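Just so it is clear, none of the values below were taken in a lab; they were calculated from the coordinates. Bear in mind the structure is a predicted one, so any value in this text is a computation, not a measurement. Note that each Cβ is placed from the backbone with ideal geometry, even for glycine, and that neighbours are counted across all protein chains shown.
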Amino acid sequence: MSLPYSEFPVYIGGVGSTAVPSETNGYVPATQVSVNYNTSHSPKRKLGTTIAASDQFSFDGPLSADISFDCILQSGLVSGLDFLLDANQDNFVTIQVGSGMYNKCYATDVSVTIAPFVPVTLQAKFVSLDPVTGSQITGDSNPFDGGVIPFDSDAIAYGHTCTITDSANILNNVQSQISFTRRYSRSPTFALGSVNASTMLLDGVEEELSVTSTGVNSLINFSGEELTNTLSMSVCGVGNTVPFITDFISFPQGSRVLSESYSTKGGEVVTTNATIKQIKL
């Protein structure tokens, strides 16, 4: 019997905790989730010997388990996204997909897409150092602890409910699409006698903001253009001015506009694209 998508909710536990995530506090309104397992293997080829049918591969590294999901952002359902806070970027979370438990999950990529009159979507990718193994794929037939999931269209963030603060005076007044990306560089650490990594060290964090609009205030030079003030984005729900995640998308003084482009075609206005980057760590 096939398992329906309704039995595969996504829950994210507290930062730095291996406890089972709370289904009411850790629920993430995901629209898509995928899990990929990959072994680190190579053929056993030795000079003067044929490969034995029962012993064909050697395994040179730990099992890799990658998790990715897309979700919408809604007020009251963002507790599971505490891993996005700067104070938590070097720590792990526990992720439950259906009834499968994935421990020590470290974020590797996070992106946000903002466009007019559609819900803001967040995409996140993780690597799990302690994934569930040796069991069947099973769902959660009683999501949200059996309660009613408090979906509210007026609490969802849409493109037209978000605001951009351009204190640096970099962009034109009319923005048509915004894409934000954060990438984490991490290195696994291994203990003697252990097959799996025990933890991951945070080596670097880079962020990028790509804004499509109707113009730019000036074209960049050889070294781009340094922001002289903060450029930030507030992701809010309908009728709300308080951002869901404080200072999530924020590019302070010292960040740089490193690429710009513009184009047009018959019957339309000129469209421009500016990419701002910062190295946070």
Whole-angstrom Cα spans of segment 191-246 along principal axes, big to small: 58, 42, 20
Please provide three numbers in whole Å: the alpha-carbon extents of segment 227-271 along the principal axes, with the largest listed first. 40, 31, 13
Global size of segment 83-143 as Cα Rg and Dmax, reported in angstrom: 14.5, 45
³J(HN,Hα) computed for each position of segment 53-59 - Karplus, 6.51 cos²θ - 1.76 cosθ + 1.60, integer Hz, glycine/proline x: 4, 9, 8, 9, 10, 10, 10
Once you've got the GNM for the chain with C-alpha springs shorter than 10 Å, pick whichever of Glu225, Glu206, Glu268 has the biggest mean-square fluctuation. Glu268
So for the chain, considering every pair of alpha-carbon atoms, how many percent are separated by more than 30 Å? 42 percent
Just to be sure I follow: if Rg is taken over the C-alpha atoms of segment 1-102 and Rh is the Kirkwood radius over the same atoms, what is Rg/Rh? 1.17
Taking H as built 1.01 Å from N, whose amide H comes closer than 5 Å to the amide H of Gln89, not counting residues under 5 places away? none
What share of Cα pairs, in percent, lie more than 15 angstrom apart in segment 146-194? 73 percent
Projected convex hull area of segment 1-40, Cα atoms, direction-averaged, in nm², equals 4.8 nm²
Could you tell me what % of all Cα pairs in segment 84-218 have separations over 23 Å? 55 percent
Please build a GNM for the chain, connecting alpha carbons under 10 Å apart, and tell me which residue among Asn103, Asn91, Asn38 fluctuates the most. Asn38
In a Gaussian network model over the chain where Cα atoms closer than 10 Å are linked, find which of Ser187, Ser135, Ser68 has the largest mean-square fluctuation. Ser135
Additional length obtainable on full extension of the chain from Val118 to Ala52, 0.36 nm per residue less Cα span: 18.1 nm
For segment 125-167, restrict the atom set to alpha-carbon positions and state the Rg and Dmax in Å. 18.7, 54
5 angstrom amide H check on Gln177, placed H, neighbours 5+ away: Thr212
Karplus-derived 3J(HN,Hα), 6.51/-1.76/1.60, for each residue of segment 189-205, Hz, glycine and proline x: 10, 10, 9, 4, x, 9, 7, 9, 5, 8, 7, 10, 8, 8, 9, x, 9
Spin-label model distance (nm) - Leu85 vs Thr138, 7 Å beyond Cα toward Cβ: 3.3 nm
For q = 0.12, 0.18, 0.20, 0.23 Å⁻¹, Debye-computed log10 I/I(0) when each Cα of segment 161-281 counts as one equal scatterer: -0.55, -0.96, -1.11, -1.33
